[in-house]
Amino acid sequence: MQFSERRKRVGSRPQAELYGQPLQFYGQPPLENISLTEFETFAVDRLKLLKTVENVGVSYLKGSPQYVKKLVAESKNLNFPYRLEANDDRKCQSGLSEPDKRRKDHISHFILRLAYCQTEDLRRWFIQQEVDLFRYRFNDLSPKQKLEFLHRNNLQYDTIGIEEKKALKDKLLNSSPGVSGITVEDQDFYKVPFQDALDLVRTRKVYLKAGYVYIPHQEIVTIVLNDFRTRLSKALALTARSLPAVHSDERLQPLLNHLSHAYVGQDYSIQKNVGKISLEQIDSLSGKSYPLCMRHLHQALRENHHLRHGGRMQYGLFLKGIGLSLEQALQFWRSEFIRGKVDADKFDKAYAYSIRHMFGKEGKRTDYTPYNCMKVILSNPPSQGDYHGCPFRHSDPELLKQKLQFYKVSPSGINQILELVKGMHYQLACQKYFELTHNIEDTTFSLNHPNQYFLESQKVFGGGRDLKREMDATQKAKENSVVKASNVKQELPTNGPENVAEMEDLDSIFQEP
Amino acid sequence: MPLSDYDPASLPDLLPLYYRRLFPFSQYYRWLNYGGVQKNYFQNREFSFTLKDDIYVRYQSFSSQIELEKEMQKMNPYKIDIGAIYSHRPNQHNTVKSGSFQALEKELVFDIDMTDYDDVRSCCSAADICSKCWTLMTIAIRILDRALREDFGFKHLLWVYSGRRGVHCWVCDEAARKLTVAARSAVAEYLSLIKGGEETMKKVVLMDPIHPFIRASLAVVNKYFLRYALQDQDILGQKESVEKVLALTELQQHFLNEKKPEKRWEMVLDQASRKRKEIMLQYCYPRLDVNVSKGVNHLLKSPFSVHPKTGRISVPIDIGNLDAFDPFAVPTISLDRPMEAEDEENAEETKENDKDAADRRKIRGDEV
């Protein structure tokens with residue numbers, strides 16, 4: 001009874017009205033029936049889009065022309081709304097009309113909520129990408145559309161009066177890039193608690209007084225985003241609670257699980273290659289097959305007989321990933337540390353715990369995975385006394401140059417690398433370093449993990465044949481499980497064979513983005 | 001108090017006395033109970049103890065001041081750390097379903113450690129401090145205290161000497177205690193100007209226009225810079241340190257790329273304005289351990305606990321009389337007397353007293 005009523009209501013609302021706005025806050029879930037095929041393609045497409053958002057965010061400055069260009073291209077490609085100001089119903093060449101694209105955007109967002117509400121890690125990733133996507137879209141709106149959006153979604157923020165503006169004029173000028181003396185007077189400044197505009201506080205792009213920030217109108221996107229983030233975060237927590245009901249649907253469960261596993265890609269935590277490397281090999285491997293970040297940490301460790309926490313984590317997990325067993329790792333760290341200021345007793349008390357912790361033998365027993373490039377580049381930047389981080393991101397160009405010279409990289413090669421660093425393409429710079437040190441013209445992979453660097457290098461030198469086989473085997477095992485999941489779906493009548501292909505496709509996309 | 005007067009081996013004898021006679025339990029409890037406004041605020045707070053031989057006990061919690069006293073007098077911890085307020089009693093964390101035991105609130109804390117200044121001080125290194133480099137801590141406190149009060153609007157700040165080589169700040173306002181991890185890291189980053197590790201020479205880069213926060217911080221540095229950097233540290237007197245400063249100007253490097261005299265002169269002029277500020281900040285601006293501030297569940301050494309290596313007590317620092325604070329004059333555990341910092345003039349006398357006190361303590365120790 002209720003069901004038919006709901007359907008009627010949706011039916012009576014034409015799509016043009018439902019999707020009249022170029023951008024939405026995702027306040028209402030979609031209420032229509034869709035086929036499983038559509039469910040799947042929508043979800044996969046949005047995942048691809050979010051994956052692009054993530055990748056583009058590392059390679060380019062957010063909001064820069066190249067960044068926007070890439071996102072426009074990908075949105076267009078995947079049939080998502082992209083040119084938001086063009087508010088027309090004309091059919092595009094690709095087949096979907098604007099309202100249809102908006103519908104796809106709406107539905108796919110809610111499907112991924114289901115897939116990404118399950119763990120803290122998944123939620124964080126999903127929220128981050130959705131927020132970035134929303135920021136790009138909001139910034140793409142015309143000023144009039146922005147106001148309309150605020151109005152429609154009941155977003156109201158306090159502005160400050162003329163008197164206050166006059167009194168604070170100098171401070172506002174010096175703290176808000178892009179605001180000039182002339183515009184202070186006719187521009188609205190919003191006064192909100194600093195907790196609501198953390199991104200602006202973090203980067204000191206706003207005036208802060210007594211716990212309140214003064215945000216020029218052009219930066220209003222920050223407050224809107226904060227609202228968006230908070231709402232999405234709450235919504236995901238709520239979704240997680242109702243998840244058991246969704247999971248009881250055997251058609252959806254394998255699909256959702258697969259979707260949520262897709263984002264991480266290869267995590268190099270697989271323990272199959274344990275014991276393939278002896279401690280004696282490490283020094284020579286570090287010269288041959290280590291990426292610069294790890295080579296650097298290894299050298300610092302050998303020189304100082306010590307590494308601080310950030311370095312131990314980054315290097316220790318890498319070593320675990322290339323196949324050191326827990327016993328080997330303990331021996332490795334102990335033998336180095338006791339040559340410095342730490343005696344064996346202190347090592348066992350203060351450091352052995354954290355190494356066992358890394359291997360999931362202590363505390364909450366999480367089997368930690370080696371850091372990928374994104375994590376090395378973006379989180380926990382090195383400070384005084386630290387040697388971790390990404391040398392392409394965290395070194396002075398001058399020092400990087402010296403280091404590369406020391407490692408006998410050709411002058412022209414160094415210039416190429418420094419050029420990439422300048423453009424903030426740290427991973428590409430690392431890849432270039434790989435090509436130069438391995439005498440390869442064009443690498444066939446796209447580098448996103450220090451352990452991947454290591455494996456690829458071993459492949460080139462042929463020494464890692466054993467390693468490679470092991471990795472391939474686990475890779476196969478993974479694919480098999482995917483096929484299994486697909487088989488389940490194959491039994492369902494609504495699932496055409498092309499979808500199975502699509503899902504296998506998905507795996508390859510995320511392994512080599 | 002020279003360090004040599006303190007012998008870490010005597011700790012097991014001294015700690016019982018300290019916790020029985022001197023530790024300010026009632027003030028301590030009053031602080032952490034926050035007026036009892038929120039239910040179980042004290043009861044759900046994590047304490048962790050470091051016992052003899054570096055045995056580390058986490059997730060201690062106490063139902064009342066009396067229980068806290070009893071436990072501390074029983075365990076006689078070498079070091080006490082304070083953690084977060086959790087959703088459940090920390091000492092029962094194993095009985096709660098995993099995942100539901102979560103850190104909810106904690107003071108916003110800052111940890112400034114002199115070891116992080118090793119590249120810009122010449123007098124000492126690592127864990128050592130002297131009155132010359134202590135000025136860095138004074139500057140740090142002045143800058144952060146102003147920013148936390150005026151910019152962020154916090155009112156209840158507790159500055160504490162860590163007992164060895166640094167200072168801690170506990171921001172106790174209700175709003176501060178409720179900050180999320182993201183907000184804590186945003187505050188810490190707002191307050192951090194020094195960026196980069198061992199591979200970065202130039203750690204401060206300013207953009208135009210200079211933010212009011214940085215202007216205010218520069219004003220503080222200005223007051224101390226000449227005396228501290230030029231006289232005490234003599235950064236422009238010795239060859240090695242002069243080279244460091246010159247490298248920071250980046251003139252040589254820029255001149256290599258720029259041949260036009262007019263442009264070169266512009267670069268020199270730039271020194272007078274922006275570069276000068278960058279250098280001052282690199283040498284004097286507070287270096288925060290951001291990771292300590294970020295986490296809600298991060299532990300920090302408790303005020304009034306003993307530093308096991310120096311024997312000094314983590315005493316609060318009087319902001320109104322900051323320049324007079326002397327880390328070498330704080331009470332140490334080997335003193336059997338009320339914990340008030342002695343004036344400079346009394347130093348000699350104090351030393352005598354110490355010996356007496358130590359003797360007296362021994363006698364009493366026997367009686368116990």
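Select the helices (runs of 4 or more DSSP H) contained entirely in the range B:150-269, then report the ones holding at least 2 residues which are farther than 30 Å from B:D326 by Cα and small (G, A, S).
Numbers: elements: B:174-177, B:181-190, B:212-225, B:239-249, B:251-257.
Qualifying helices (runs of 4 or more DSSP H): B:181-190.
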Starting from residues that are assigned to a loop (DSSP other than H, G, I, E, B) and more than 14 Å from chain B (Cβ to nearest Cβ), keep the ones in the range A:156-176 and report whichever is farthest from A:I223 (Cα to Cα).
-> A:G161
Answer yes or no as to whether B:G36 is of a type in the set (G, A, S), within 13 Å of another protein chain (Cβ to nearest Cβ) and more than 21 Å from B:S162 (Cα to Cα).
-> no
Of (1) modelled with pLDDT of 85 or more; (2) part of a loop (DSSP other than H, G, I, E, B); (3) open to solvent by 50 Å² or more (accessible area, probe 1.4 Å), A:L324 satisfies every one except (3)
Only one of B:I80, B:I112 is closer than 30 Å to A:R308 by Cα, within 14 Å of chain A (Cβ to nearest Cβ) and at pLDDT 95 or above, namely B:I112
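So for the range A:173-186 (the condition being over 10 Å from A:Y214 (Cα atoms) and touching a Ser or Thr at 6+ places or on another chain (Cβ under 9 Å)), does at least one residue qualify?
Yes; the residues of the range A:173-186 include at least one that is over 10 Å from A:Y214 (Cα atoms) and touching a Ser or Thr at 6+ places or on another chain (Cβ under 9 Å).
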Report, ordered by the first and then the second residue, all pairs with beta carbons closer than 8 Å, sequence separation of six or more or different chains, a first member in the range B:191-207 that is within 7 Å of chain A (Cβ to nearest Cβ) and within 19 Å of A:H296 (Cα to Cα), and a second member that is open to solvent by 70 Å² or more (accessible area, probe 1.4 Å) and acidic (D, E).
-> B:M201/A:E398
What number goes with the only condition from (1) at pLDDT below 95; (2) over 23 Å from B:P331 (Cβ atoms) that B:R21 does not pass?
-> (2)
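Look through B:P308, B:P286, B:P303 and report the one residue that is assigned to a loop (DSSP other than H, G, I, E, B) and more than 30 Å from B:Y18 (Cβ to Cβ). Walk me through how you get there before you give the answer.
On the way: B:P308 fails: more than 30 Å from B:Y18 (Cβ to Cβ); B:P303 fails: more than 30 Å from B:Y18 (Cβ to Cβ).
Testing whether each residue is assigned to a loop (DSSP other than H, G, I, E, B) and more than 30 Å from B:Y18 (Cβ to Cβ) leaves just B:P286.
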When both residues are 6+ apart or on different chains and their Cβ atoms are under 8 Å apart, which pairs have a first residue that lies in the range A:363-392 and is touching a residue at least 12 places away in the same chain (Cβ under 8 Å) and closer than 17 Å to B:K294 by Cα, and a second that is of a type in the set (D, E, K, R) and open to solvent by 50 Å² or more (accessible area, probe 1.4 Å)?
-> A:P381/B:K195; A:P382/B:E198
When every residue in the range A:167-176 that is touching a helix residue (DSSP H, G or I) at 6+ places or on another chain (Cβ under 6 Å) and open to solvent by 50 Å² or more (accessible area, probe 1.4 Å) is compared, the one farthest from A:P143 (Cα to Cα) is A:K171
Determine if the range B:61-76 includes at least one residue that is touching a strand residue (DSSP E or B) at 6+ places or on another chain (Cβ under 9 Å), surrounded by fewer than 17 Cβ atoms within 10 Å (Cβ to Cβ) and of a type in the set (G, A, S).
-> no
Residues in the range B:176-210 that are more than 21 Å from A:G385 (Cβ to Cβ), surrounded by fewer than 18 Cβ atoms within 10 Å (Cβ to Cβ) and not β-branched (V, I, T): how many?
-> 6
Where in the range A:357-447 are there helices (runs of 4 or more DSSP H), lying wholly inside it, with at least 3 residues that are away from chain B (no Cβ under 14 Å) and either touching a Cys at 6+ places or on another chain (Cβ under 9 Å) or not hydroxyl-bearing (S, T, Y) (or both)?
-> A:373-378, A:411-422, A:426-438
Exactly one of B:F255, B:F225, B:F213 is open to solvent by less than 70 Å² (accessible area, probe 1.4 Å), at pLDDT below 85, out of contact with any Gly (no Cβ under 6 Å at 6 or more places or on another chain) and not small (G, A, S), and that residue is B:F255
Take the range B:228-246 and flag every residue that is among the hydrophobic types (A, V, I, L, M, F, W, C) and open to solvent by less than 50 Å² (accessible area, probe 1.4 Å).
-> B:A229, B:I235, B:V242, B:V245
Qualifying positions in the range B:119-148 - under 20 Å from B:V171 (Cα atoms), among the charged types (D, E, K, R) and crowded, with 17+ Cβ neighbours inside 10 Å = B:R142, B:D145
Can you find a residue in the range A:219-237 that is touching a Phe, Trp or Tyr at 6+ places or on another chain (Cβ under 8 Å), within 14 Å of another protein chain (Cβ to nearest Cβ), on the phi > 0 side of the Ramachandran plot and not polar (S, T, N, Q)?
-> no
Could you tell me which numbered condition B:R142 fails, if it satisfies all but one of (1) in contact (Cβ under 8 Å) with a residue 60 or more places away in the chain; (2) within 19 Å of B:N321 (Cα to Cα); (3) within 14 Å of chain A (Cβ to nearest Cβ)?
-> (3)
Please work out if A:Q21 is more than 26 Å from A:L259 (Cα to Cα), modelled with pLDDT under 70 and either surrounded by 15 or more Cβ atoms within 10 Å (Cβ to Cβ) or not charged (D, E, K, R) (or both).
-> no
Of the residues in the range B:22-33, those that are in contact (Cβ under 8 Å) with a residue 12 or more places away in the chain, in a helix (DSSP H, G or I) and surrounded by fewer than 16 Cβ atoms within 10 Å (Cβ to Cβ) number 1
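Looking at A:R113, A:R102, A:R124, A:R135, can you tell me which residue is in a helix (DSSP H, G or I), closer than 16 Å to A:L78 by Cβ and open to solvent by 10 Å² or more (accessible area, probe 1.4 Å)?
Result of the check over A:R113, A:R102, A:R124, A:R135: A:R102.
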Spans of strands (runs of 3 or more DSSP E) in the range A:177-236 with at least 1 residues surrounded by fewer than 16 Cβ atoms within 10 Å (Cβ to Cβ) | A:189-193
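The values are calculated or read from the model by the stated rules, or taken from the named source; none is laboratory data. Quick caveat: nothing in here was measured; it's all calculated off a predicted structure. Positions of Cβ are backbone-derived with ideal geometry, glycine not excepted, and every protein chain shown enters the neighbour counts. Note: areas computed on protein heavy atoms with side chains; ligands, DNA, RNA excluded. Shrake-Rupley method; radii C 1.70, N 1.55, O 1.52, S 1.80 Å.
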